[in-house]
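Here the structure comes first, spelled out in structure tokens, and everything after it is commentary.
The values are calculated or read from the model by the stated rules, or taken from the named source; none is laboratory data. Here the structure is a predicted model, which means the values were calculated and not measured. Quick reminder, even Gly has a Cβ in these numbers, built from the backbone with ideal geometry, and neighbours come from all protein chains shown. Keep in mind that these areas ignore ligands, DNA and RNA; they rest on the heavy atoms of the full protein, side chains included. Shrake-Rupley method; radii C 1.70, N 1.55, O 1.52, S 1.80 Å.
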Amino acid sequence: LLLLLTYGFSSIAMAQVLYKGPTLETGLTTMSLEAAAAVPKKGSTLYVSPDCQDYVWRKVALAASLVGEPLNSIKLSAGDFASLAPHARSCVLVPKSSSSSSGAPTPGLCVSGPNACARYLCGLREDLGLMGGTDFEAAKVEQWLDFSWHELEVVLVACTTPASEDEPAVDEQALLAYASADVAQALGALNSALVGATYLASPKASKPTLADAAAIAVVAEVITSKPNLLQGAQLPKSMPHLVRWFMTCASSSAFSAVLGPKPVDAMRKLLGDKGAPVKVGVSAKGKAEAGKKAAAGKAAPGTKAPAVGLKAVTADVPALNLMFKRTRTRIVDIVKSQGVGLGDEVTVKGWARTVREANKGKLLFIVLNDGSTPNDLQCVVDATVPGFASCLPSACGGTGASFSVTGAVVASGGKGQALEIQAKQVALIGAVFGGEGEGLTVGGAKYPLSKKGHSFEYMRKMAHLRARTKAYASTQRLRHAMAYATHEFFNERGFLYVHTPLVTGADCEGAGEMFAVTTMLPKDPKGDLPRLKNGEVDYSKDFFGGPAGLTVSGQLNVETHACALSDVYTFGPTFRAEDSHTSRHLAEFWMIEPEIAFAGLQEDMDLAEDYLKHCVHYALSKCMDDLETLQAVEGWDAQLVPRLKNLLERPFTRLTYTEAIALLEKEVKAGRATFEEPVSWGIDMASEHERFLAEKLFKGPVIVTNYPKDIKAFYMKLDESGKTVQAMDILVPRIGEIIGGSVREDDFTILKDRAAACGVSEEQLGWYLDLRKYGTVPHAGFGLGFERLVMLVTGVENIRDTIPFPRYPGHCEF
């Protein structure tokens, strides 16, 4: 009866319930309809009633964000909203094309209702598949739209709407108990649906749809504004798939642009300090009672049994007793005010950018950096401070010396800095010995990194010291961030990290550009290698009993695990003995190579685009100080940050190799382009062709597919024509190719013939062919040169400046 009274109102009463709840504080612009008509509008306009709940209009805003449609959000008074659309209750969407010349909306040419508005916006870009890429997915999107309303939004309405005078009194505690049970059941259903799936539309969905937007909007409202409704849900312990889905969506640029950081922060709070789950609203006694009833085969009221396929935790995990603690405060924590405030006493340690005397030698300004941030920290040292004499430039050597400074954090009066340290104690840790003679006396005369600028070529010769330079340090922090983002991306999507061998007997590319690994080189320079009767080297006498080399790719090895563990990736060093001296090639570099089972070219492209965007988004979200530091370097990419944002703002252009060649030929014929290498169908496109496509024609990333088989590796799956293969390359401005991938040939006979045609023997790859004999499955993958990713996010022009110790022809120092 209580449920019937709560949820079973008449249609008129229900309409009152839906839109009489308190209006939450939102980011909407509040103005009159007349004032709104005069505002210049870039895109569509969403007019919101004064009683509309946040999660209702945010569902529409999320759809606009996913599409990339500019959306003007304006809250109207009740009278203005009624005059705009008398039949509407919550929101009205007016497309830009439907506004009159005066800026006012044209009557009848608008859409009302949040789901209808969101559907309209998704329809602006049908190519994105936001309403589902297949008929099945479209039906699932509609299913989850209905689910979000009936199972979650109605519950929120019931809990946030005050009862009118003519309605029977409701027991608030009982209502909360029932509502909490309903929320737990709904969230449990979402969790079960997300087992083995990244998004709601289907297990194969590789990107969010309107279904995810609708569900995220209301789930975010629950955890941020109504956490008391989570009493029966036990987030996140019993619902890991829901948590993973929520964090994946809410952290993405399209969602966070609308929702802000609060939902992610709220979920992290539920995860607890150090990642420990928080049991929301369940007492020890209640847990014990639930356990007894569960043991008896009955679920306790307001609780829910673990979802099918999830193993309940039955044993407590001991708490960690962590011991490591820094004896210093990182400079980044001071300049970012992360747990450190004005007046706090801290100890900082680092290397001096500069050491300057003032006030006739009675004052020292030591500018320190400890590598945690591109921002330096000035330390002011008075002559009365213990250790002052040892820190004078003549005693420490100046730039490059290392110090420990203890003092108070104070406001700075200097330019370009908000805080500094007023030293109470200072100690010289390591002086610079670079004075006269052999450099055994203190002094900075021969210090290789003097304050003046140095060329990149010079810094490569000083690879053991260049981490102390500002631009290179920012590059390395971004390199670290990209490695972290890589593991984060694949781990969140259920991929397993597989370690593939560095020493191998298989040439993945079939190009013969491998470094040989042997122990047979004679100690006597005049000696010879063991040989067969025909004069060839007898590798049976070698360490591995046959020819071996440093791997050019981990792909073939990681495929073995994809054909058993489904979704895997490898991330490790690879080697190419290619005599290349370009700014895009190294002899030793790192590769990220995911492999997905039961997948084709579409899934491969989508995964690659998602991965690249995830990394760029991570850099923009977490490393802005370093990006701005690099962008400000003279001669660097002055448009670095805008270029990275542009990469996120739209889908990558996709076209076939044949279409790409036709476009290039057209540009050449029209006199708009000239290339050193002639353009014709069948060529392996050079960097100049790739960059022209990305930089000039499409002004952004491009995915080129279906290359001629003769210029691609033997393992790539043939198209029906037999002339091209199901391959794809992602091309980006300033670099050219950054990702190369393909569907792998899964037919035993075709693969065997292709390998033989490329000079790869069956004996050499028998184990690889076995994957096609024993339960073959379609699978695909790609490879990304990690250093090229670092080039992309840092704007570095030469790949040799992305890796600590570059290896290239004629250079193997350090």
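Per-structure values
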{"item": "Among (1) in contact with a strand residue (DSSP E or B) (Cβ under 8 Å, 6 or more places away or on another chain); (2) not in a loop (DSSP other than H, G, I, E, B) - the single one GLU659 does not satisfy", "result": "(1)"}
{"item": "Only listed residue being without any contact (Cβ under 8 Å) to a residue 60 or more places away in the chain and buried (at least 19 other Cβ atoms within 10 Å of the Cβ), chosen from ARG466, ARG479", "result": "ARG466"}
{"item": "Checklist (1) under 25 Å from LEU792 (Cα atoms); (2) at pLDDT 95 or above applied to CYS563, failing item", "result": "(1)"}
{"item": "Number of the condition not met by HIS454 [criteria: (1) modelled with pLDDT of 90 or more; (2) surrounded by fewer than 18 Cβ atoms within 10 Å (Cβ to Cβ); (3) out of contact with any Leu (no Cβ under 7 Å at 6 or more places or on another chain)]", "result": "(1)"}
{"item": "One residue from PHE543, PHE515 being in contact with a strand residue (DSSP E or B) (Cβ under 7 Å, 6 or more places away or on another chain) and open to solvent by 70 Å² or more (accessible area, probe 1.4 Å)", "result": "PHE515"}
{"item": "Residue pairs meeting the criteria (Cβ under 6 Å; at least 6 apart or on separate chains; first closer than 16 Å to TYR472 by Cβ and touching a residue at least 12 places away in the same chain (Cβ under 8 Å), in segment 624-650; second hydroxyl-bearing (Ser, Thr, Tyr) and crowded, with 17+ Cβ neighbours inside 10 Å)", "result": "ASP626/SER474; THR629/SER474; LEU630/SER474; LEU630/THR794"}
{"item": "Any pair with Cβ under 9 angstrom, 6 or more apart, that starts in segment 351-377 at a residue that is of a type in the set (Val, Ile, Thr) and ends at one that is in a loop (DSSP other than H, G, I, E, B) and open to solvent by 50 Å² or more (accessible area, probe 1.4 Å)", "result": "THR354/LYS451; THR373/ARG330; THR373/LYS336"}
{"item": "Total residues in segment 553-566, condition crowded, with 20+ Cβ neighbours inside 10 Å and in contact with a Gly (Cβ under 9 Å, 6 or more places away or on another chain)", "result": "7"}
{"item": "Hits in segment 484-505 - residues which are more than 17 Å from the chain's Cα centre (by Cα) and either open to solvent by less than 50 Å² (accessible area, probe 1.4 Å) or among the charged types (D, E, K, R) (or both)", "result": "VAL498, THR500, THR504, GLY505"}
{"item": "ALA312 modelled with pLDDT under 80, in contact with a helix residue (DSSP H, G or I) (Cβ under 6 Å, 6 or more places away or on another chain), open to solvent by less than 90 Å² (accessible area, probe 1.4 Å) and part of a loop (DSSP other than H, G, I, E, B)", "result": "no"}
{"item": "All positions within segment 531-588 that are without any contact (Cβ under 8 Å) to a residue 60 or more places away in the chain, in a loop (DSSP other than H, G, I, E, B) and in contact with an Asp or Glu (Cβ under 6 Å, 6 or more places away or on another chain)", "result": "LEU532, VAL552, GLY554"}
{"item": "Strands (runs of 3 or more DSSP E) wholly inside segment 371-436 that include at least 2 residues being within 16 Å of GLU357 (Cα to Cα)", "result": "377-382, 419-430"}
{"item": "Qualifying residue in segment 568-587 (condition: within 19 Å of the chain's Cα centre (by Cα) and open to solvent by 40 Å² or more (accessible area, probe 1.4 Å))", "result": "no"}
{"item": "Counted residues, segment 669-687 - those being surrounded by 14 or more Cβ atoms within 10 Å (Cβ to Cβ) and part of a helix (DSSP H, G or I)", "result": "1"}
{"item": "Odd one out for LEU46 among (1) modelled with pLDDT under 85; (2) assigned to a strand (DSSP E or B)", "result": "(1)"}
{"item": "Residue count for segment 764-797, restricted to those that are among the polar types (S, T, N, Q) and open to solvent by 30 Å² or more (accessible area, probe 1.4 Å)", "result": "2"}
{"item": "Candidates SER761, SER742, filtered to the one that is buried (at least 20 other Cβ atoms within 10 Å of the Cβ), of a type in the set (S, T, N, Q) and not in a helix (DSSP H, G or I)", "result": "SER742"}
{"item": "Residue match in segment 475-487 (condition: closer than 30 Å to VAL633 by Cα and not in a helix (DSSP H, G or I))", "result": "no"}
{"item": "Single unsatisfied condition, ASP382 versus (1) open to solvent by 60 Å² or more (accessible area, probe 1.4 Å); (2) in contact with a strand residue (DSSP E or B) (Cβ under 9 Å, 6 or more places away or on another chain); (3) of a type in the set (D, E, K, R)", "result": "(1)"}
{"item": "Count of residues meeting criterion [modelled with pLDDT under 80 and surrounded by 24 or more Cβ atoms within 10 Å (Cβ to Cβ)] in segment 237-253", "result": "0"}
{"item": "Odd one out for ILE703, checked against (1) touching a helix residue (DSSP H, G or I) at 6+ places or on another chain (Cβ under 8 Å); (2) outside any strand (DSSP E or B); (3) open to solvent by less than 20 Å² (accessible area, probe 1.4 Å)", "result": "(2)"}
{"item": "Which numbered condition ALA619 fails, given (1) surrounded by fewer than 16 Cβ atoms within 10 Å (Cβ to Cβ); (2) in contact (Cβ under 8 Å) with a residue 40 or more places away in the chain", "result": "(1)"}
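Listed here are the residues, each with its yes/no results for (1) farther than 24 Å from LYS461 by Cα; (2) of a type outside the set (A, V, I, L, M, F, W, C).
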site: GLY722; (1), (2): yes, yes
site: PRO733; (1), (2): yes, yes
site: CYS758; (1), (2): yes, no
site: TYR768; (1), (2): yes, yes
site: ARG772; (1), (2): yes, yes
site: PRO778; (1), (2): yes, yes
site: VAL796; (1), (2): no, no
